[in-house]
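The values are calculated or read from the model by the stated rules, or taken from the named source; none is laboratory data. Being a predicted model, the structure only gives us computed values, none of them experimental. Every residue, glycine among them, receives a Cβ derived from its backbone with ideal geometry; neighbour counts consider all protein chains shown. Note: accessible area is taken over every heavy atom of the protein model, side chains too, but ligands, DNA and RNA are not part of it. Shrake-Rupley method; radii C 1.70, N 1.55, O 1.52, S 1.80 Å.
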Amino acid sequence: MFPSNVTIVEVGPRDGFQMEKTFIPTDLKVDIINTVAAAGVRVIEATSFVNPKVIPQMADSAEVLSRISRNASTHYTALIPNAKGAQRAIDAKCNSVRLVVCSTETYNQRNVGMSVAQSIAACDDIIRMTQAAGIGFEVIIALAFGCPFEGHVAEAVPVTIAHQLAAKGITSIGIADSIGTGNPVQVRRMMSRLRAELPHVHFSMHIHDTRGLGLANVFAALECGIDTFDSSIGGLGGCPIMVGGTGNVPTEDVVNLCEEIGIPTGIHIEGVCEASRKIQSFLGRALPSAILRSGTRRQLFKM
Ligand code: COA
Ligand code: ZN
């Protein structure tokens, strides 16, 4: 059954920007985040607190957080790889943090220099730190359907990690198809199983459109009652470790899908497109969003 409304988590300023070779000026990052918030997006993954030597684009994360116009109705979150990232995010007054735990050993080692078990164990400190700071904590289980190094990921792998996290008391978990190898049948099976086995956990989804199945996967998750989706303006993004990776499902396109099938998001599509056009003009290339390119059906029919 469809959820009664959908929350979009705008991840373009992190997942999208981290892929760009040219440093995006802090002013533009701040402007994009403010524009997205003004369009009604209520959760924004504004940056990540990672080693700036590894991801130089995120070197200004604390500055971005200190310069955005904080909007009381908008929740600003950040991706973290470890407890040090959690402390930096707390210091920058994030409303929550999102820790990445990969489904495969090879990817987790390359991404954050830890085994999967070490990343899961790191949650204990981060739970204490975020509770003391009074902010939220979500864990993103990445590569949940496939890994560029280890291939197909069996459904039991992310499901087992989700159980281990839930056993620690974690109640927010994201399932990420980081390289876009999942299909709607797999999404439906995994998300309905997770919701049935862990009814006290809130599950979100993070979907990349690498092989054109992005919106079909969103639809499959909606049919399982999933009500929170990561997406990026214009479909910015990719995978820093895999050649040929592409962006997240575009925010405009997910909002349009929800509107077309009658699920409110509280977001003005045109406001999102304004943010996409700003970054598109800075990057000097067209972004893949269909709505950005063609407009909505309502606009076409002047409804
Ligand atoms: N923020 C900033 N610096 C950090 C950090 C964080 N969250 N965590 C560790 N560091 C610093 C350490 O202080 C150390 O600094 P130094 O070289 O000045 O002494 C350096 O990073 C190396 O630390 P170490 O613990 O040896 O880790 P590592 O070299 O294995 O790197 C990460 C681990 C997690 C810091 C690094 O791989 C990283 O930032 N990865 C992020 C990858 C990413 O963003 N992927 C895309 C999103 S999924
Ligand atoms: Zn991603």
query = Does segment 14-35 contain at least one residue that is in contact (Cβ under 8 Å) with a residue 12 or more places away in the chain, hydrophobic (A, V, I, L, M, F, W, C), within 16 Å of ligand 1 (Cβ to nearest atom) and closer than 17 Å to VAL272 by Cβ?
reply = yes
note = Being within 29 Å of ALA166 (Cβ to Cβ), surrounded by 16 or more Cβ atoms within 10 Å (Cβ to Cβ) and aliphatic (A, V, I, L, M) narrows LEU213, LEU236, LEU292, LEU287 down to just LEU213
ask   = Is it true that ARG110 is in a helix (DSSP H, G or I), within 13 Å of ligand 1 (Cβ to nearest atom) and either out of contact with any strand residue (DSSP E or B) (no Cβ under 8 Å at 6 or more places or on another chain) or among the aliphatic types (A, V, I, L, M) (or both)?
value = yes
task = Please specify each residue of segment 36-54 satisfying the condition of being open to solvent by 10 Å² or more (accessible area, probe 1.4 Å) and in a strand (DSSP E or B).
result = VAL43
key: Only one of SER119, SER103, SER115 that is under 19 Å from the mean Cα position of the chain (by Cα), more than 24 Å from ILE233 (Cβ to Cβ) and more than 11 Å from ligand 1 (Cβ to nearest atom)   = SER103
inquiry  = For the list (1) in contact with a Phe, Trp or Tyr (Cβ under 8 Å, 6 or more places away or on another chain); (2) open to solvent by less than 10 Å² (accessible area, probe 1.4 Å), I need the number of the one condition that VAL139 fails.
reply    = (1)
request  = Return a yes/no flag: does segment 72-92 have any residue that is more than 26 Å from THR171 (Cβ to Cβ) and either aromatic (Phe, Trp, Tyr) or in a strand (DSSP E or B) (or both).
outcome  = no
